[in-house]
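Comments concern the structure below.
Derivation of every value follows stated rules applied to the coordinates shown; laboratory data play no part. What you are looking at is a predicted structure, and each value in this text was computed from that prediction instead of being measured. Cβ: placed from backbone, ideal geometry, glycine included. Neighbour counts: every protein chain shown.
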Amino acid sequence: MNAFLQVFEREVKDIFQNFHNKFDKTINKTPGVRLVRRIVDRLRGTRKSLLQLTENDPGLSLLMAHLNNNIDSIFNNPNSMFAITTVKKFLFEGVKFCIKPSGLAKAICKQIKDQGSKTIRSLGDGSLAFALFYHKNGTSEEVYEVHTGKDDISKLVEIQKIDDQPTLHIWLNNSEGDLSICNMINGTDGSSYPPFRQDRKPFFIFSPDICRSVEMFYEKDVNFEGITGLRYTMGDNFLNNVGPEYQNECFCVNKMINVIKRKNGCLYPGALDLTQCLVEYSSLIKGFNPDPNKHKTFVDIQEVSGIPLRGGKRIQFNMFLKNINNIKLTENLTTVLMPILWVEEGVSLNAESVNLIKSKLINVLTTLKMVHWASVSLGGNVGQDGTPREN
């Protein structure tokens, strides 16, 4: 619920902006429209959020008060900020809200619906339902174009385009026509990798879950079912070194108000992946003890073929819980980054695949190595005239 209330400020801002754009100069002369224009100009000129303006603007404070009076109609008469539901409903079936709203509540529900969020859908009875992974219940909709490795085997299966686009259009660019590093597509999708990784150099994986490429660094050699592999993990620079001082402020988009953040407006390190959360967030959650061995994203790769032997992708979903002006249910809240859901995806080769790699690759490489050294040894026992030497 707290998330919806935070989103409402953006919804009202959009209403004001659309209202401003649709009316011509004649209608703009009316007092009511001039008031709306004043609000829009303040939103645009200062880049403040609606909730910031409500602290000093009685008119906007009144608007939030009206929202407070319609909370019951929107969220089914809640008695706290937390709703009790099942995992199945929260993730896939959907938690219902906006059930037969009226008045202002009906208008707010319409704005939530029109926003087009993938996690919210309309039901047959006219109500809305929120499900975190409803839109993920199926295969990926994106079409990837990957490199064939021709002329450069080191680029094998690296993503070249997504839905026929060579770059993303999600993050901020440096300027119009000047692509930022945040919108670059680097690496593979993580299901396979280029071969010949003996140099142990870092590489990128593109993760559609967070709409960005992530750099992976060599950590150590590992053994999986008798096959030697190289373990790569996310570097400490993942979302740690973010901001204007690192030339990647494009990853710091929202710059949310009244939350725990750094002086440059960006969140503290580990706010998304939580692989190395700092005390600024974790100290506020009881029983929260990050462990790199349990919580870090990793992949083990066979160095010659590039075949992934084992891997794990771990993601912590969070939201900021905070007090919102004039909303009674939030008046006792402390601003905190609250864990919502932990997701772990793991994969490892089955016995059939392990035996195939051993018989078709490992054993062949071992035989070739033995033949190589046998040839060297034999060559060392042959004289310059071609006759064998006596031992």
How high is the FRET efficiency from residue 151 to residue 88, r the C-beta distance, R0 45 Å, rounded to 0.05?
0.35
Using alpha carbon centroids, what distance separates segment 322-365 and segment 74-107, in Å?
27
So if each residue of separation counts as 0.36 nm, and I subtract the Cα-Cα distance between residue 161 and residue 291, what length gain in nm does that give?
43.3 nm
How far is it, in nm, from the label point at residue 117 to the one at residue 77 when both lie 7 Å from their Cα along the line to the Cβ?
2.4
Give me the number: length gained by fully extending residue 65 to residue 364, i.e. 0.36 nm times residue separation minus the C-alpha to C-alpha distance, one decimal in nm.
100.2 nm
Describe numerically, in nm with one decimal, the distance between label points set 7 Å from Cα along Cα→Cβ at residue 196 and at residue 342.
4.2
